[in-house]
Amino acid sequence: MSDAARGTALGALAILSWGTLGALGASSANLAPNLVLGLCFGIAAGIGGVLCLCRGIRLTPLWSTETLVSAMLLTVYHLSYLEAFHHAAAIPVSLINYLWPACLIVIGNLFFRLNSGWPGYLGAATGFVGVALLIGRDGFTLKASDATGYGLAFLGAVFWGTYSNLRRRARFDGIGSMVTICVLSAALCLFVSAVSGEDFTPLTSRDLLVILLLGLGPAGGAFFLWDIGMRRGSATLLSILGYSAPVLSTVLMVALGLGSPSWNMVAAVLLITLGGVIVQGGQRGTP
């Protein structure tokens, strides 16, 4: 397996992990979001720190502008996403957030020389339609009470698309860079939690389990897999494979009783798959 194929495969594993983010995020909706994220980023930093010690990898400087911007984007994305669950229903929030693959392609083409060409735009648009079908007529009815949650979920998609493109062109490479980013993100979240007076209630064993799963998977450990995928694999293909995450997420949330199945799920899967085929057919060897 080539290095590029290996990078893409690891990025795909991160996407698979993110299929659980909607359910876990909804399960943490009753907790203070800054505190939850601070603990998750701390777990991620611990995972990466152990790997660095075992492999003799040095951390990147805390004061690097690139590292600070990445940490800010990573933090704001997750805060927007988790906060959105406090304002709107779980499945619509999760699915609107999964517009990030389209944002990755559009932002990458406009500002980061992704050069996916028209297949990238067409594949993104096709996947977007699939996500819209998953949301459905009832789930996507815009109400005043839901507007904040939907807006935060969409802003999160923009932040993650920007973060992913920035990491794709990162000057500081590898695990050491991600550990530093996670340390900064954890410190920022815990600081905001302390000064904002977030309501803190003692964490139950269930709360701790949810935080641990988030930190080991979609809001922690997956960062390292995604970082490798963005830097070594095909960013264009991964952005389209990202459309499988809402399918996995929706199926899981329905199984957990957070929503009801509908016919448009089948149509959405077909459109999402078609989007990937379109991008693959038009690949021009972009990183």
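Structural remarks
- DSSP-assigned coil residues among chymotrypsin sites (Phe, Trp or Tyr not before Pro) in segment 61-98, each with at most 14 further Cβ atoms within 10 Å: Trp63
- The calculated FRET efficiency for Arg169 paired with Ala194, based on their beta-carbon distance and R0 = 51 Å, is about 0.90.
- Cβ-placed point charges (K, R +1; D, E -1), dipole of the chain about Cα centre in debye, nearest 20: 820
- Sites Val129 and Ala5, calculated FRET efficiency, Cβ-Cβ separation with R0 22 Å, nearest 0.05: 0.15
- Residue-wise HN-Hα coupling along segment 33-47, computed from phi with Karplus coefficients 6.51, -1.76, 1.60 (Hz; x: Gly, Pro): x, 5, 5, 4, 5, x, 5, 5, 5, x, 4, 4, 4, x, 4
- Net charge of neighbours whose Cβ lies under 15 Å from the Cβ of Leu35, counting Lys and Arg as +1 and Asp and Glu as -1: -4
- Its relative contact order, with pairs defined as Cα atoms under 8 Å and 6+ residues apart, puts the chain at 42 percent.
- If you plug the beta carbon distance of Asp207 and Ser260 into 1/(1 + (r/R0)^6) with R0 = 22 Å, you get a FRET efficiency near 0.25.
- Of the accessible area of the chain, computed with a 1.4 Å probe over protein heavy atoms only, carbon and sulfur atoms account for 70 percent.
- Using the rule -39500 (n - 2.57) for each DSSP H run of four or more residues, divided by the residues of the chain, the 222 nm mean residue ellipticity is -25000 deg cm²/dmol.
- Around the amide H of Ser234, modelled in the peptide plane, lie the amide H atoms of Thr8, all under 5 Å away and 5 or more residues distant in sequence or on another chain.
- Phi-based couplings in Hz for segment 235-247 (Karplus 6.51, -1.76, 1.60; Gly and Pro marked x): 5, 5, 5, 5, 5, 7, 4, x, 5, 6, 4, x, 5
- Accessible area per residue for the chain, computed on protein heavy atoms with a 1.4 Å probe, is 43 Å².
- Leading residue at positive end of dipole, the chain (Cβ point charges), from Ser27, Met230, Pro202: Met230
- Exposed loop sites are taken as trypsin sites (Lys or Arg not before Pro) in a DSSP loop (any state but H, G, I, E or B) with at most 13 other beta carbon atoms within 10 Å; the longest stretch of the chain without one runs 172-283.
The values are calculated or read from the model by the stated rules, or taken from the named source; none is laboratory data. From a predicted model like this one, the values you see are computed outputs, not experimental measurements. Neighbour counts are summed over all protein chains in view; Cβ atoms, including those assigned to glycine, are modelled from backbone coordinates with ideal geometry. What goes into the accessible areas is simple: the full protein's heavy atoms, side chains included, and nothing from ligands, DNA or RNA. Shrake-Rupley method; radii C 1.70, N 1.55, O 1.52, S 1.80 Å.
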